[in-house]
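First up is the structure itself, then whatever we jot down about it.
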Amino acid sequence: MNPIVAIVGRPNVGKSTLFNRLVKQKKAITDSQSGVTRDRHYGKGEWNGKQFSLIDTGGYIVGGDDVFEKEIDCQVELAIEEADLIIFLVDVQTGITEEDIKVNKLLKKSNKKVFLLVNKFDNSSFQGLEAEFFKLGFKDIYSISANNGLGSGDFMDALAKNLPSSSEDLNQELPQFAVVGRPNAGKSSFINSIIDNNRHIVSEVPGTTRDSIDSNVNKYGFNFNLIDTAGIRRKKKVKEDLEFFSVLKAVRSIERSDIVLLLVDATRGFDTQVQKIFWLAHRNNKGIVILINKWDLIDKDKIDTISYEKKIKDKIAPFIDVPILFISVIKKQRVLKALETAIKVSKYRNLRIPTSELNKFILPIVQKTPPPSNKGKIIKIKFCTQLPTKYPQFVLFCNLPQYIKDSYRRFIENKLRSNYNLSGVPINIFFRKK
């Protein structure tokens, strides 16, 4: 798992702007009005070859009138508790405020490594004003502009040096299978049926599972670690502090897994939240199996597996080479088949193709159907190889990689999938100059 870095501070100091810069995409809403971030945002950052998970938190206020503030404050405290490193953001244009002092006291109690960033150095007129913030008791202060990136490089160098090593799972030698999905989709019941006991509490009340629980399983001659996770809800519905903590644990379980079994409540469908969980697993390059649970509750006269599966594939395109099984945990229907499929996907994810075999397969294809010429340039692919990574990644060497479009990348991917067993496995294809 990647180390976790939390950004904290009072409202309107630029936390979401800094978050967007560090994850290199606009995920958090930013606005000059304080209190816009009432949610937590999760993203991934990387610097000098080191990766970390980043949490953007709502502005911390004690004793405010806003009905959301108590919830925000509690969840900021939980983010601090879970984080390995903390970024404390303040505003040079307003100086130290009472709220900054309260946040500082909270951070001192945490005994965590804290970086003090003085933000909004948007021009040279604020030079020297950062000296006031030494009163907060930090030896090193970094003056930055989250808006234009000024000073962020020096800070990121320091952050990267202090990042703890990515933690390894206790059963790291075993494949890791994570069971994820919305609350009350049947995850704990599914795991109980696999491990043949009632270790996990089962209830109709959403959110019964509060933490991630590991179970060692040996089935079909295959030994692996099975991770039950708390249900992932839309963030606006995460109102309990404990449930927020559970969501964070579930996200981390996906990160440390090899295979994700995405359990879907058939009566609710493959809705937006389930899609977000799917793409989270996909972005992390995990093997994926989609399990449509509670299929026994569906009126088969109104909907069938073919039409249901088509709707799902329309929503996950272009990555449609994913096993989809219709199960009923309560009726013991196709539960072991689901596990057997996940084991197959795990083996597919570990597929290694010898370089000679790969070239023998790919080169005739690219000779027959070369990349379309671009700006009059003829693109020639001369060699390919598989990278030595934990999941399938391929490099094709050519003379003009910058002119190859995503459509041709998908063409090569489809050819690989048609010839090799890669169902449920995201693959990456790179074009490099030889």
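The values are calculated or read from the model by the stated rules, or taken from the named source; none is laboratory data. Predicted, not measured: the structure shown is a model, and the values here were computed from it. Please note: Cβ atoms are built from the backbone with ideal geometry, for glycine as well, and neighbour counts cover all protein chains shown. What goes into the accessible areas is simple: the full protein's heavy atoms, side chains included, and nothing from ligands, DNA or RNA. Shrake-Rupley method; radii C 1.70, N 1.55, O 1.52, S 1.80 Å.
Pairing each residue of the range 419-434 that is closer than 17 Å to LEU396 by Cβ with any residue that is of a type in the set (Lys, Arg), provided the two are 6+ apart or on different chains, yields C-beta distances under 7 Å for ILE429/ARG409; LYS434/LYS382.
When the range 345-384 is filtered for residues that are under 32 Å from the mean Cα position of the chain (by Cα) and either surrounded by fewer than 18 Cβ atoms within 10 Å (Cβ to Cβ) or not β-branched (Val, Ile, Thr) (or both), the ones remaining, listed by number, are SER346, LYS347, TYR348, ARG349, ASN350, LEU351, ARG352, PRO354, THR355, LEU358, CYS384. Across the range 420-434, the number of residues qualifying as open to solvent by 80 Å² or more (accessible area, probe 1.4 Å) and of a type in the set (S, T, N, Q) comes to 1.
Within the range 126-144, residues that are modelled with pLDDT under 90 have Cβ atoms under 8 Å from residues that are open to solvent by 40 Å² or more (accessible area, probe 1.4 Å) and of a type in the set (Phe, Trp, Tyr) in these pairs: ILE141/PHE134, counting only partners at least 6 apart in sequence or on another chain.
Consider the range 46-60 and keep the residues that are surrounded by 22 or more Cβ atoms within 10 Å (Cβ to Cβ) and in a loop (DSSP other than H, G, I, E, B). The one that is modelled with the highest pLDDT is THR57. Cβ-Cβ distances below 6 Å connect no pair with a first residue in the range 271-296 that is farther than 16 Å from ASP314 by Cα and modelled with pLDDT of 95 or more, a second residue that is in a helix (DSSP H, G or I) and open to solvent by 30 Å² or more (accessible area, probe 1.4 Å), and a separation of six or more residues or different chains. Every residue in the range 109-162 that is β-branched (Val, Ile, Thr) and over 13 Å from LEU18 (Cα atoms), please. Within the range 109-162, VAL114, ILE141 meet the criteria.
Are any residues in the range 314-326 within 21 Å of the chain's Cα centre (by Cα) and in a helix (DSSP H, G or I), and if so, which ones? LYS315, ILE316, listed by residue number.
Can you find a residue that is more than 30 Å from the chain's Cα centre (by Cα) and either basic (Lys, Arg) or open to solvent by 60 Å² or more (accessible area, probe 1.4 Å) (or both) anywhere in the range 386-395? Within the range 386-395, not a single residue is more than 30 Å from the chain's Cα centre (by Cα) and either basic (Lys, Arg) or open to solvent by 60 Å² or more (accessible area, probe 1.4 Å) (or both). The single condition from (1) open to solvent by less than 50 Å² (accessible area, probe 1.4 Å); (2) aliphatic (A, V, I, L, M); (3) modelled with pLDDT under 95 that ALA317 fails is (1).
Conditions (1) more than 24 Å from the chain's Cα centre (by Cα); (2) in a loop (DSSP other than H, G, I, E, B), marked per residue:
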{"position": "PHE121", "(1), (2)": "yes, yes"}
{"position": "PHE133", "(1), (2)": "yes, no"}
{"position": "LYS139", "(1), (2)": "yes, yes"}
{"position": "SER145", "(1), (2)": "yes, yes"}
{"position": "ASN148", "(1), (2)": "yes, yes"}
{"position": "ALA160", "(1), (2)": "no, no"}
{"position": "PRO164", "(1), (2)": "no, yes"}
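Among PHE115, PHE190, PHE177, PHE133, which is open to solvent by less than 30 Å² (accessible area, probe 1.4 Å) and under 28 Å from GLY49 (Cβ atoms)? The conditions single out PHE115. Within the range 254-274, being open to solvent by 10 Å² or more (accessible area, probe 1.4 Å) and under 25 Å from GLU46 (Cα atoms) holds for GLU255, ARG256, ASP258. Residue count for the range 70-102 satisfying the condition of being open to solvent by less than 60 Å² (accessible area, probe 1.4 Å), part of a helix (DSSP H, G or I) and at pLDDT below 85: 10.
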